[in-house]
Structure formats: structure tokens, C-alpha cells
Amino acid sequence: MGHGHPPGHDHHHGHDHHDEGRPLPAAMDASIPDSELSPEQLSRRGILRRAGLLGAGLAGAGVLAGAGESFAAAGAGGAVTTGTAAASGASAKPGKKTLWLAGDHHIHTQYSSDAQYRVIDQVRNGVRYGLDWLVITDHGGATHARIGVEKTNPDIRAAREEIPDALVFQGLEWNIPAAEHATVFVHPGKNEVEVLKQFETDYDGGVRGATADTPQNEALAIAGLDFLAEQVQRRRVQDALMLANHPARRGVDSPHEIRNWRDAQPTIAVGMEGAPGHQ
């Protein structure tokens, strides 16, 4: 996936094909005529044309070159830029165009107690309504730690094969020790299940009985972020991200905790979601 990364990330970006030789999504391949595109692909192509990003400029940027190429840090609010500034986090220069990728990093499926739709249903409908990337984040906890990650992964891999235009990531909704929930997800690859399962087993507040607001539990949350950073450093996964979910919902995410997450691992803890009121 050719797109921007949080500051500090410096990955190689492919061009018109990603590292495994997978072609660009059809909507972005100028050699495919409009008549051969689905309505969703044609709509996406129209957006790219209006942005001036279809054709040689798009291919040169390697935009959306496939889920195996690099990490969707744009899912944290990052951007894809054509030719400059993406990896460094710098602003695009005058005359350069920026393509924002629409996505959702907080999606539950039938593997969560409060949801019912299959992974493939969520991906199909996400793409139908204009999403470029999705993160499957079923609720973490003791039950999920036993069966969730392994059971969901085949469905996620099948969705990636069926809908190659979508960037589909596996994650989980982390019960942050001493705090609320967060999305945690990793780059697709052979170790995604193993890393997520180990993270949940060792650092989930529900699994560890570490939900109380104590300094020890706050330290466990930081240790979890350190673990994710270590997996990237060891190259077990190419990237990992954490985004706090609805931090104002219950009033248990203290400002100092959010600051501590960010200070501890600024390339892992990259953002939050939320809205006024309940969320």
C-alpha cells in the first residue's frame, strides 16, 4: 500500500506493482477501460480523475499498490502524496497533489458479542460506500484471546483475495490497562496472528485483570506499546498502530495517560477517535 507513514517511518514504496508483483486495483489502472469497471470502481476512478491522480502520476506514486506492500498508516489520518513528503510527514509542496484514503479502524463482526455481520459483509459494504481500507477489530478479552484472532484470520485473508481493491487489516479492540478501549492492528503478513495473540494475552486489561486505575496497570499499558514497537524493530511485523477509541465515553482515559502513550511510542500511539457527548 503506497501511502504516507507517521513521522519516523521510512519505508520503501513500490511503483506500479508492489513487492509481490500484484497489479494496481482496477480503478487505478489506466490501461483498463471504464466499460470494464464495476460501479464502485468507476466511482473511485472518477474521484481520482478529478484529483488529477489517474494515469502516470498515480502509477508513479504507487498509490494503493496492494495490501502486501506497506502499512496503511493513512488509516490513522495520514495521506498518500504523489512524489513528495509522504514518508517524512512533511506538508505537500505547492503544485503537489495529496490523496486521502477513506477508511475505518473500528469495525466489529460476528466474532464480537455486540455485532452480527461477517467479515466479508463488512468489507463489501465498506468498499461499496467508498472506503479504501478497513480494520477488523473485534473486542479483545479473555474469550477473544482463546479463539478470536485465529478464527477471524481466515475470513480476513479470504476478503483480501475476493476484494483486492480494499486494504483489509486484522486488529483487535484492546482493553487498555487502567483505561478504555483502543484499536491495535498490524501490517498483514505471516506473523500478524501470532503477534496480535501474544499482545492480547500479555497486555489486555481484561485478560490480565488490570482494569483498575492504578500506576501498575498504567505501566502495563506502556509495556504493551513497547511490545508492539519491539515487534516492528525485530521485523516480525512491518508496522503496528494503536488509536484510542472513544476516550471520553466513560471518563477513564486521563489526559496524562494519553500523553504517556504518545510519549512512550509516538510511531505506535498515533491518534484517537471520538465525538462530543457519549463518544
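What's the Cα-based Rg to Rh of region 222-261, Rh via Kirkwood? On the Cα set of region 222-261, Rg over Rh gives 1.09.
How would R50, R160, R45, R250 line up by accessible area, probe 1.4 Å, largest first?
Ranking R50, R160, R45, R250 by accessible area, largest first, yields R50, R250, R160, R45.
On the beta carbon distance between S31 and E161, with R0 = 22 Å, the FRET formula returns roughly 0.50.
Between I147 and I47, the FRET efficiency from the beta-carbon distance, with R0 = 45 Å, is close to 0.70.
Would you tally the net charge around L167, using a Cβ to Cβ cut-off of less than 9 Å, leaving L167 out, and scoring K and R as +1, D and E as -1?
Working: positive: R160; negative: D132, D165.
Net local charge, L167 excluded: -1.
Between the amide H of H181 and those of I176, N245, distances stay under 5 Å, these residues lying 5 or more places away or on another chain, with hydrogens modeled in the peptide plane.
Taking the Cβ of T137 as the centre, find all other residues whose Cβ is under 10 Å away and add up their charges (Lys, Arg: +1; Asp, Glu: -1). Working shown, then result.
Values: positive: none; negative: D104, D138, E173.
Result for the local shell: -3.
With all distinct Cα pairs included, what does the Kirkwood hydrodynamic radius of region 103-273 come out to in Å, to one decimal, could you say?
Values: mean 1/r = 0.0628 Å⁻¹.
By the Kirkwood definition, the hydrodynamic radius is 15.9 Å.
Given R0 = 41 Å, the distance between the Cβ atoms of S38 and R249 translates into a calculated FRET efficiency of 0.65. Summarise the accessible area of region 103-273 (1.4 Å probe, protein heavy atoms) by the percent that is carbon and sulfur. Looking at region 103-273 in its full context, I get 47 percent from C and S. Note on region 163-263: Kirkwood radius taken over Cα pairs, Stokes-Einstein applied at 25 °C and 0.890 mPa s, translational D equal to 177 µm² s⁻¹.
The values are calculated or read from the model by the stated rules, or taken from the named source; none is laboratory data. This is a predicted model, so every value here is computed, not measured. When we count neighbours, we look across all protein chains shown, and the Cβ atoms used for this are built from the backbone with ideal geometry, even at glycine. Accessible surface areas use protein heavy atoms only, side chains included; no ligands, DNA or RNA. Shrake-Rupley method; radii C 1.70, N 1.55, O 1.52, S 1.80 Å.
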